[in-house]
1. Of the residues B:255, B:264, B:251, B:239, only one is hydrophobic (A, V, I, L, M, F, W, C) and more than 30 Å from residue B:215 (Cβ to Cβ); which?
2. Looking at the range B:1-59 only, could you name the residues that are surrounded by 22 or more Cβ atoms within 10 Å (Cβ to Cβ), on the phi > 0 side of the Ramachandran plot and over 15 Å from the mean Cα position of the chain (by Cα)?
3. Determine whether residue A:30 is away from chain B (no Cβ under 14 Å), of a type in the set (A, V, I, L, M), over 30 Å from residue A:184 (Cα atoms) and in a helix (DSSP H, G or I).
4. With in contact with an Asp or Glu (Cβ under 9 Å, 6 or more places away or on another chain), open to solvent by 20 Å² or more (accessible area, probe 1.4 Å) and within 11 Å of chain A (Cβ to nearest Cβ) as the only criterion, which of B:70, B:86 stands out?
5. From A:121, A:155, grab the single residue that is of a type in the set (D, E, K, R) and away from chain B (no Cβ under 14 Å).
6. Out of the residues in the range A:63-79 that are open to solvent by 10 Å² or more (accessible area, probe 1.4 Å) and not polar (S, T, N, Q), which is farthest from the other protein chains (Cβ to nearest Cβ)?
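The values are calculated or read from the model by the stated rules, or taken from the named source; none is laboratory data. Since this is a predicted model, take the numbers as computed values, not measurements. When we count neighbours, we look across all protein chains shown, and the Cβ atoms used for this are built from the backbone with ideal geometry, even at glycine. With ligands, DNA and RNA removed, areas are computed over all heavy atoms of the protein, side chains included. Shrake-Rupley method; radii C 1.70, N 1.55, O 1.52, S 1.80 Å.
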Amino acid sequence: MNIFLHELKAYRKSTIIWLLSLIAIMVLFMSLFPSFHKDAGEFTKLLEGYPESLRKAIGLDLNNLFTIMGFYTYSLTFIVLVGAIQAMNLGTSIVSKEAREKTADFLLTKPVTRSTVITAKLMAAFVSLVITNIIYGAAAYGMASQVKVEDYSLKMFLLLSLSILWVQLLFLAIGIVMSVMIRKIKSVLTVSLATVFSFYFIGMIGATTGDASLRYLSPFKYFDPSEILKHSGYELSYVITGAVIIGIAISASYYVYAKKDIHAV
Amino acid sequence: MNVIEINHLTKTYGKSRGITDISFNVEEGEIFGFIGPNGAGKSTTIRTLLSLIYPTSGNAKIFGKDCIEFAPDIKKEIGYLPSEVFYYDNMKVFDLLKYSASFYKKDCTKRIKELAEIMDLDLTKKIDDLSLGNKKKLGIVQGLLHEPKLIILDEPTSGLDPLMQQKFFELLETENQKGATVLFSSHILSEVQRLCNRVAIIKEGAIVTVEKISTLQENNYKKFKIHTKTALDKGYFDLPGVSQLEVKDHLVHFLFRGNLNGVLQKIAETDITNVWIEEPDLEEIFMHYYVKED
């Protein structure tokens, strides 16, 4: 419990900053909605001029872009990206920061097992992400209510908003397994940005070509907002794949970390 | 009873050497010195005892329990001070100590205040703002606040001024009198000499010898350097107990062990301009052990 609280406190500042950025992007997008909605005809004409593959790559769906949920779906492609970076940063740093800041000797000479350490750190990261999503969700709901022109399904709104958390959990797991495998991570941001953007671009290519197998390669597309909107729910096969990846990554992290030599600085 | 039992402990890092077949015991209530030059394997041995790294073969027992299998249990009673101390920079000294204490199921607040007083440590400062020496003091308080039965120190004196070193040694002696066993690693023989009952000497990953300090002192070598007015006959200082004799024009070097009066008499009989009699450094002591092995 003491490690958990200590870690939670350590992430407090960065969690607040990420949360504010997420809300800022959401507010920026949603505040554009009323004018988008008003001039829907002209925007459609303008956007039809774009090649279809480009529209697919950036997630523009002209059929529903001018409904509030459709517009929110479009903003989510960017919001999820930011959320993924937050989660990947957390995942990559929770274990590697002890090595980088040379505090591993302090923590691991205490009467605790390595799995206790990982559990506490994971729980702290998880709680930080959940808090981020709860506050973000409340803010997004408030904003959507402000700009809406027609009623929308609350269930749909929740399903869409929660896609942030699911993608974050995937990247948290990927981040932590990478951080225990790589001997020393000098810069967390480099590693996490590179990973997140690689997956993001794979997802974009997948969306353009419509290749279903490519979709499995990008965690972003497991909970793709436009697909959620289309199916009015999550797709089971991707939910299962996501859960399996998280399960494997987390168990591998426990295993590797327990066996790992902690080298002197 | 043995507090630490190390049996044929070997640790290799890929191809490079770590430690090979190390065995020695530390008895309860001892202050045990562990000396050797940098890179000899002191830290590797200590880190294995603390299960920070895992042995390639062999094992070690602390309080009679395997140091890997029962690591969390054993560590309740271990205080560790690394050679370089690093803590969470943005924490305050007292918060870090409280965090450290929270791992041991007892109230350590009183002990923290006591130790901070002895070591003259400001509890209100931020860790980031501490000097190297003050960080070291924090490390000492952090390592001792839960009144451990075994204190493991890895080159603890670097960065401490002589006054603090003195206080720290007194603190260790007090803890020792209260029943704590101490494993003290160092590359400085003199500090080990004054504090320890026994020492293990390690070189290139292997134990060279484990001896009582009193035995080492009987083996007390002196390093002589004599500058004479006239060139000397090469054989002049070739006495029993003299080794590594070097004569170069007016300068004579040698190591000596035995009755000092004989040598001093010899020196008195010559016309000298200067004389230096010093404690040999560790390298030279090791040389002696190598010679003995051959």
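1. Going through B:255, B:264, B:251, B:239 in turn, just one is hydrophobic (A, V, I, L, M, F, W, C) and more than 30 Å from residue B:215 (Cβ to Cβ): B:251.
2. Correct list: B:51 only.
3. Considered against the rule, which asks whether it is away from chain B (no Cβ under 14 Å), of a type in the set (A, V, I, L, M), over 30 Å from residue A:184 (Cα atoms) and in a helix (DSSP H, G or I), residue A:30 comes out as yes.
4. One residue alone meets the criteria, B:86.
5. Going through A:121, A:155 in turn, the sole match is A:155.
6. Within the range A:63-79, the match that is farthest from the other protein chains (Cβ to nearest Cβ) is A:66.
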